[in-house]
Structures are given as structure tokens and as C-alpha cells.
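These notes are about the structure you will find just below.
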Amino acid sequence: MAKDFPHKNLIDIREYSRDDIMLMLKTAQRFKEVNERRIKQVPTLKGATIVNMFNEPSTRTRSSFEIAEKRLSANSLNFGGSSTSTVKGESLSDTVETLCAYKIDLIVVRDAHAGVPRKIADLSGVPVIDAGDGKHQHPTQALLDLYSIWEHGCDFEGLNVGIVGDIAHSRVAGSLVPALKTMGSNVALIAPPTLLPARPDVLGADAVTSDFDSVLGDLDVVYMLRIQRERLEGAPFPSLREYNQLFGLTRQRDPLMKPDAIVCHPGPINRGVELDSFMADHPKRSMILDQVYAGILVRMAALYLLIGGSNDGIDA
């Protein structure tokens, strides 16, 4: 790990203090200069080997990790899902032991089952980054969200953030709520009761409501989540049209928002459901593409801090 950084893994954001998170954000900000060069590559992690084990579909997370690794000059091994021997019956333990025989330096893992990154960390002994596990955690998403909000100029202390949508199935909320609370923000969960977890208080939010319009005017950040249809059981609401009317951030709701309030979304967007195109593409409010870019910066920072690269990537 980098000098003075107290963590070997990035698995549960609740293990990170306010100072740890700020160091991650400031390191990401320093990597911004690298990403604005004509040649966007530095030798910071030259010679390091990183395994990207994605056992669940991903576009933004996987591609941004791969870009981050390339820009740090690391060697990447990408595999997962049907390309692994687990489809032949190989155990997770045997797969990890095989990877470790290659003398790897870090594993990035996404899996449909909660707890897999922790198990891989215990089995492998090398640093592990959780790129999303089941409905549990997604710490780099929370960090890139914080970075986007911070880079926009918002002060975390006393910031009012509303997380709207499918909270029950969201690993994004599982990391973002505790991260925001660590930074001193106020968090409200906004969703129909059928899309809230059985114990929403466990997440640590300050408020829970099903009345979007009643709190919208108080929010500095409106964080929209998609409905995760692939995880739903039964019909938690009558129709997508009704959901959009009650919980969609639409052009009609824009006047209810603070003049300087911003809109975030982890992607992918279901346009016409949780967001309409007016809000998704709003030139002043929407932070969605900023979040995509922040994903590269934050993941470069995480790799750098956990593996302990040289300063070449920041100061060169």
C-alpha cells in the first residue's frame, strides 16, 4: 500500500474514515491532470498485475477499471462469468488459488453474491477492491459520487442528499449512505415502501419517506436510482407510468428544486422511468457524465493507494 495509507482492501466503505475518504478524493483530483494530457499514461504501476474478475455484467465499472489500469501502466487480466472454470464446477477457492499462482498484485471483483470480495481477500492475501457484490456494497461508486459532488464545489458538512428509487436492491445505496454520513451530510431515502429494505434504518439515513415532492425542495443533491428489474420479485408497483409520476425526476419537477441543486445517477439510466431526458441531460444540474469521468480518476487513486505505486503518476 502507499505510504501512510492504512488500508489493504477497499471492500466496505464503512471501514474508511473521513480522512481516508478525503485522501482518496484528493489523490483522484491529482490524477485529473494525467487524464487531460495528450498521452494519458504514466508508469506509476508499471510491472503490477491486476486481475479484473467480473462474474456479473458491467459496462461503466469494468471499462473504467480497465482504463484506470492502463493509464497507470499496470498489466491487466480480464475474465469472469462463462469464461471461468467455475462453470465446470471449480470452486471459488481453487479459482483464487490459481490466480495467486500467477503472482498477481490486486484483484478487482464483481459478483452477484454478497460477501464474495471479502472471501477472496481472505483466500488470496492480496489487496481486493469490491466492484459490487450482490445488494451489499459498491465502494468505488460511492467514492466517485463523492468526488463528483466535491469537485462541483459542494461542502459535505450539512449537505442535504436525497437518494430516490430502488433502495431495497441497491448496493450503491449500501455504500453511498454510510459514506455521506461519514462526511457529515444529511441523507434521506425516498421510495415506495415496496422498494425499501425491511430495515432501512440499518443504512443510517436521517429520514425515510415516500413523498418525493415534500422533500425535493430541501435537497442539494438528488441522487436517482434505476429500478433493478433483474432483482425484483413480484410487482412492487402498479406500472412504470405510475412510478414515473410519483418518483420520477421530470421536467415538471424541475421548478420544485433548489436553483443550484444537482442531479446524480450511477447508470445505466432508464429514461422515462426514474429520469426524463430533460433532467438527465440538464446542462446545469446533471452530473451524470461527470460521474463517469470521476470513475476513472477515483479508480486510479484506489489502485495507487492500495498497491503503493510511485509518485510518477501524480508528479511527472
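Among the lysines of the chain, pairs at least eight places apart or on separate chains and with Cα atoms under 18 Å apart come to 11.
Of PRO197, PRO283, PRO268, the residue with the greatest mean-square motion in the GNM of the chain, using alpha carbon springs below 10 Å, is PRO283. Result for the chain in a Gaussian network model with C-alpha springs under 10 Å: among LEU45, LEU240, LEU180, the largest mean-square fluctuation is at LEU240. Where the eigenvalues come from the Cα gyration tensor of the chain, what are the semi-axes √(5λ) of the equivalent ellipsoid, largest first, in whole Å? Gyration-tensor ellipsoid for the chain: 33, 23, 17 Å. Based on protein heavy atoms only, the chain ends up with 43 Å² per residue of surface accessible to a 1.4 Å probe. As a length-normalised measure over Cα pairs under 8 Å and 6 or more apart, the relative contact order of the chain settles at 23 percent. In this view, the solvent-accessible surface of ARG118, computed with a 1.4 Å probe and all protein chains in place, comes to about 90 Å².
Across the accessible surface of the chain, with the other protein chains kept in place and a 1.4 Å probe, carbon and sulfur atoms take up 50 percent.
Between helix 60-71 and the chain there is an angle of about 40 degrees, using the helix long axis and the longest principal axis of the Cα atoms.
Count charges around ASN244 for me, please; just the other residues with Cβ under 13 Å from its Cβ, Lys/Arg as +1, Asp/Glu as -1. Taking every Cβ under 13 Å from that of ASN244, the sum is +2.
The values are calculated or read from the model by the stated rules, or taken from the named source; none is laboratory data. All values derive from a computational prediction rather than experimental measurement. Here Cβ is always computed from backbone atoms with ideal geometry, including for glycine, and neighbour counts include all displayed protein chains. The area values use the complete protein model at the heavy-atom level, side chains included, leaving out ligands, DNA and RNA. Shrake-Rupley method; radii C 1.70, N 1.55, O 1.52, S 1.80 Å.
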